[in-house]
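> Dumping the structure here so I can ask a few things about it.
The values are calculated or read from the model by the stated rules, or taken from the named source; none is laboratory data. Keep in mind it's a predicted model, so treat the numbers as computed, not measured. Positions of Cβ are generated from backbone atoms using ideal geometry, with glycine treated the same way; all protein chains shown enter the neighbour counts. To get the accessible areas, we keep the full protein, side chains included, count just its heavy atoms, and leave off ligands, DNA and RNA. Shrake-Rupley method; radii C 1.70, N 1.55, O 1.52, S 1.80 Å.
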Amino acid sequence: MKKITDRLTAAIMTGMALIAPAYAQAGEGVKVEHLGINNTLVRVTGDKNFIILPIQESIDDAKIDVLVDGKVAETFYARLAQSKTDFTVPYDLSKYKGHNVILNIIANHGRQNIREAKDAVCWQVITLSDTFDTTNTEFKYRPYYHQSPEYGWMNDPNGMVYVNGTWHLFYQWNPYGSKWQNMTWGHATSTDLINWDHHGAAIVPDGLGSIFSGSCVIDRNNTAGFGKDAVIALYTSAAASQIQSLAYSNDNGATFTPYKGNPILTLESEARDPNMFWNDKTKEWNLILAHALDYEMLLFTSPNLKDWTLQSAFGKGLGCQDGVWECPDLFELPVDGTGKKKWALICNINPGGPFGGSATQYFIGDFDGKKFVADTDANGNVPTKWMDFGKDHYATVSWSDTPANRRTVIGWMSNWQYAADVPTTQFRSANTLPRECELFSQPDGQIYLASVPSPELNALRGKVVASSGKKTLSNKAANFSLPSEKNAACEIVADVDAKNASEVTFTISNPKGNKYVMTYNVKQHTISCDRRQSGIVDFSENFPAVTVAPTFEQNGKINLRIFLDSSSVELFTNNGKSVQTNLVFPDEPYTTFSVSSNGKAILDNLKIYAAK
Ligand code: FRU
């Protein structure tokens, strides 16, 4: 978006507005009329692109009806500032040029009298502007190489589709605040899975509701009638109920038009997050839909993406049932890179994760185009399997139409337990690194899902800031420097042979005493991540945590790839067989990577690459 030009808005953005003389001009281009303690009209009298709304996060949402020539054109919610402005957000007026625009605002702040209503800071700060500054202000915790929204709240990744060399990523976005609200599909694209361009809103709330999660496909044979190679999005329209809607794009995913016949699928109970794919064996479309409160997934077929036939339900009583089932995915992959193939059914669940809150479980099995049957263990039970054992990996789904049979996934890097409380304001939440799914078998007879960092991420590797060849470890820590720039953003790789040790500990720390401790327990074949002293942890009782994952090795040897960014650590052990993604908010950037062992262990091939 364009840079700020006028002095008034600049003052607001820097937080100077409360005392700056620029306030004399506040309210320029708007006329504020109070109608009572909870109702205010803001008339747009000037002619600019945006109305700038001041937000105070601790305040309840106000309901804002945008009246254009007397008709409600849009309704959204914003935490309009009462006593102080935390930050501002823009509402786009450019589409209403030449029309009369009034914001009819119903506040819900529990005000006592009209005086309190009139005193609200927002009426002094609200103003018009031709530009809105989206320059990053979150230097401490904004990730360097993970996708995050320019501003506002983000949750689930949505509608990921690869079109002509471009990776499209849509996401659950609140353009009017940094907490969950006004669900809209935000849009970002990348050609290298590292650098992301922002494109603002792609699908916005309409009369059927706000725009919840969903998927996109390329309709190569024009089965839906919107044109050959149209990009078709299915999403949940969420209002009093949850129903499924379609939108199409004839410009390769740049812009979408909601289908006039929406909704295309309704049920008598809550269902959401449609994920569809072309089934080349059955020559029809498949759809998997989360029957959220029934803790199961529904499977449909369609010839044309509009008319869907329910074929079966999967999951009642299976796997983890401790929370709502959301954001499904279903895809086929080779096992151990052989000709044998199996299907993986992804089921995001909230709460019920292995360490509390939201997480991603999966089932391995067979799918004939109509029915999914999960593999069982030696006792005939369907085992619960987790895709990532960290606390901050959710709503993970895959890209459609990827090249070279890749199954590339990305997840929301947060947890519903505390996502709205993490110590950032301009934006809340980033996505995980993109990962490639693979299936591997284990001696227990089970097939598991590995998540390998996508090959594009190798391009991130910059200068080697520390390295080591073969080195015998002891209980005295060997220390290595992390990069001194970009909040220490880096990738750490290492091989460890610990067959003659009981434990190996890898610590990321800083002189403030902040530390993130990863411990390989050789006998138990597990690796744990302890973030209890990683920095700021007190914004939620659910944040301090120790997560533990199986290492999936039998010989006391592991390899590690650790991706450290401003506010996250992603640990991939044994080529992505074991993954843990955890957020961290260090008081200052980490400086040191240390390795020690109980018993004799050998470290080899250590390299710390500064992120390019
Ligand atoms: C998962 C989820 C989805 C829903 C979306 C709403 O995080 O609850 O089921 O579509 O978020 O934002």
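> What is the sum of charges, Lys and Arg at +1 and Asp and Glu at -1, for the other residues whose Cβ falls under 13 Å from the Cβ of Ile558? Walk me through the numbers on the way to the answer.
Values: positive: Lys499, Lys557, Arg561, Lys577; negative: Asp495, Asp497, Glu503, Glu553, Asp604.
Local net charge: -1.
> Go ahead and run the numbers for FRET between Ala239 and Glu268, Cβ-Cβ distance against an R0 of 22 Å, rounding to 0.05.
Numbers: r = 16 Å, r/R0 = 0.72.
Computed FRET efficiency for Ala239 and Glu268 comes out at 0.90.
> Using 0.36 nm per residue of separation minus the Cα-Cα distance, give me the extension gain between Asn405 and Gln321 in nm, one decimal. Working shown, then result.
Details: separation 84, 0.36 × 84 = 30.24 nm, distance 3.16 nm.
Contour length minus the Cα-Cα distance gives 27.1 nm.
> Related question: For the range 500-518 and the range 374-396, compute the distance between their C-alpha centroids and round to whole Å.
Going from one Cα centre to the other spans 28 Å.
> Moving on. Could you give the size of the charge dipole of the range 198-283 about its Cα centre, using +1 on the Cβ of each K and R and -1 on the Cβ of each D and E, expressed in debye and rounded to the nearest 20? Intermediate values should be presented prior to the final figure.
Working: 6 positive and 8 negative charges, 48 e Å.
Around 240 debye, computed over the range 198-283.
> Which order do Thr166, Thr573 take by accessible area at a 1.4 Å probe, largest first?
If we order Thr166, Thr573 from most to least accessible, we get Thr166, Thr573.
> What residue among Val72, Gly110, His99 has its Cα farthest toward the positive end of the dipole of the range 65-111, where the charges are +1 on Lys, Arg and -1 on Asp, Glu, each on the Cβ?
Farthest towards the positive pole: Gly110.
> Between Lys31 and Lys281, what FRET efficiency comes out of the Förster formula 1/(1 + (r/R0)^6) with R0 = 56 Å and r the beta carbon distance, rounded to 0.05?
Details: r = 63 Å, r/R0 = 1.13.
Working from the Cβ atoms, E equals 0.35.
> Could you pull the accessible area for Glu28 with a 1.4 Å probe, rounded to 10 Å²?
110 Å²
> Report, ordered by chain and residue number, the lysines lying within cross-link reach of Lys470, taken as a straight Cα distance under 27 Å and ignoring same-chain residues fewer than 8 apart.
Lys499, Lys515, Lys523, Lys557, Lys577, Lys600, Lys607, Lys612
> In addition: Using a 1.4 angstrom probe and counting only protein chains, how large is the accessible area of Lys63 in Å², to 10?
The accessible area of Lys63 comes to roughly 80 Å².
> Give, rounded to the nearest 20 debye, the magnitude of the charge dipole that the chain has about its Cα centre when Lys and Arg contribute +1 at Cβ and Asp and Glu contribute -1 at Cβ.
Working: 55 positive and 64 negative charges, 226 e Å.
Value, rounded to 20: 1080 debye.
> Please report the net charge: other residues with Cβ closer than 14 Å to the Cβ of Ile243, K and R +1, D and E -1. Mind dumping the intermediate values first?
Working: positive: Arg272, Lys306; negative: Asp206, Glu268, Glu270, Asp273.
Every neighbour counted, the sum reads -2.
> Set Lys and Arg Cβ to +1 and Asp and Glu Cβ to -1, take the dipole of the range 510-607 about its Cα centre, and tell me which of Val546, Phe572, Pro511 lies farthest positive.
Value computed over the given set: Phe572.
> Let me ask something additional. Using 0.36 nm times the number of residues separating Asn458 and Asn500, minus their current alpha carbon distance, what extension gain do you get?
11.9 nm
> Additional query: If the chain between Thr384 and Asp229 were fully stretched, how many nm would it gain, using 0.36 nm times the residue separation less the Cα-Cα distance? Write out the running numbers ahead of the final one.
Numbers: separation 155, 0.36 × 155 = 55.80 nm, distance 3.81 nm.
Full extension from Thr384 to Asp229 adds 52.0 nm.
> Here's a follow-up. Accessible area per residue of the chain at 1.4 Å probe, in Å²? Could you put the intermediate results ahead of the total?
Values: 23450 Å² over 612 residues.
Counting only protein heavy atoms, the per-residue value for the chain is 38 Å².
> While we're here: Leaving ligands and nucleic acids out of the surface, order Arg79, Arg272 by accessible area at 1.4 Å, largest first. Kindly include the intermediate steps, with their values, before the conclusion.
Values: Arg79 55, Arg272 20 Å².
The ranking, largest first, comes out as Arg79, Arg272.
> Given His291, Thr384, Phe277, which one lies farthest toward the positive end of the charge dipole of the range 265-403, if we put +1 on the Cβ of every Lys and Arg and -1 on the Cβ of every Asp and Glu?
Phe277
> Sticking with this one: Sticking with the crude label model, points 7 Å out along Cα→Cβ, report the distance from Asp587 to His198 in nm, one decimal please.
Distance between the two pseudo-spin positions: 3.1 nm.
> How many nm is it between the label spots at Ile106 and Arg220, if each spot is 7 Å from the Cα in line with the beta carbon?
Label at Ile106, label at Arg220, 5.0 nm between them.
> Here's something else I'd like to know. Report the label-to-label distance for Ala73 and Val493 in nanometres (one decimal), using points 7 Å from each Cα along the Cα→Cβ vector.
It works out to 5.3 nm between the two label points.
> For His198, what accessible area in Å² do you get when you roll a 1.4 Å probe over the heavy atoms of the protein chains, rounding to the nearest 10?
For His198, solvent-accessible area is about 70 Å².
> Could I ask something else about it? Kindly provide the helix-only [θ] at 222 nm of the chain, computed as the sum of -39,500 (n - 2.57) over DSSP H runs of four or more divided by all residues, to the nearest 500 deg cm²/dmol?
Working: 3 runs with 17 residues, N = 612.
That calculation yields -500 deg cm²/dmol at 222 nm.
> What dipole magnitude, in Debye to the nearest 20, does the range 241-386 give about its Cα centre under +1 on Lys/Arg Cβ and -1 on Asp/Glu Cβ?
Numbers: 12 positive and 18 negative charges, 56 e Å.
Around 280 debye, computed over the range 241-386.
> So, counting K/R as plus one and D/E as minus one, what does the shell of residues with Cβ under 9 Å around Ala498 add up to?
So the environment of Ala498 carries a net charge of +1.
> With a cut-off of at most 15 other beta carbons within 10 Å, and DSSP calling the residue loop, which chymotrypsin sites (Phe, Trp or Tyr not before Pro) in the range 109-142 qualify? Please list them.
Details: sites: Trp123, Phe132, Phe139, Tyr141; in loops: Phe132, Phe139, Tyr141.
Within the range 109-142, the qualifying chymotrypsin sites (Phe, Trp or Tyr not before Pro) (loop, at most 15 other Cβ atoms within 10 Å) are Phe139.
> Okay, next question. Out of every Cα pair in the range 429-490, what percent are spaced more than 17 Å from each other? Spell out each step's value before the answer.
Values: 1262 of 1891 pairs.
More than 17 Å apart: 67 percent of the Cα pairs in the range 429-490.
> Using alpha carbon centroids, what distance separates the range 410-482 and the range 549-604, in Å?
Between the Cα centres of the range 410-482 and the range 549-604 lies a distance of 8 Å.
> Also: Go through Ser474, Ser210 and list them by solvent-accessible area, largest first, probe radius 1.4 Å. Display every interim value, and only then the final one.
Numbers: Ser474 50, Ser210 25 Å².
Ranked list, largest accessible area first: Ser474, Ser210.
> Using amide H atoms built 1.01 Å from N in the peptide plane, name the residues 5+ places from Gln311, or on other chains, whose amide H lies under 5 Å from its own.
Leu299, Phe300, Thr301
> Still on this structure, please answer the following. If r is the Cβ-Cβ distance from Lys512 to Asp60 and R0 is 41 Å, what FRET efficiency results, to the nearest 0.05? Let's see the in-between values first.
Details: r = 36 Å, r/R0 = 0.87.
The value I calculate is 0.70.
> Here's another thing I want to ask about it. Sequence gap at least 6, Cα distance under 8 Å: using those rules, report the relative contact order of the range 122-259 to the nearest whole percent. Can you show the working numbers first?
Numbers: 288 pairs, mean separation 21.4, N = 138.
16 percent.
> Expressed as a whole percentage, what fraction of the accessible surface of the chain belongs to carbon and sulfur atoms when a 1.4 Å probe is rolled over the protein heavy atoms? It would help to have the intermediate numbers written out before the result.
Working: 11240 of 23450 Å².
Of the solvent-accessible surface of the chain, carbon and sulfur hold 48 percent.
> Distance between the C-alpha centers of the range 162-204 and the range 223-283? Whole Å please.
17 Å
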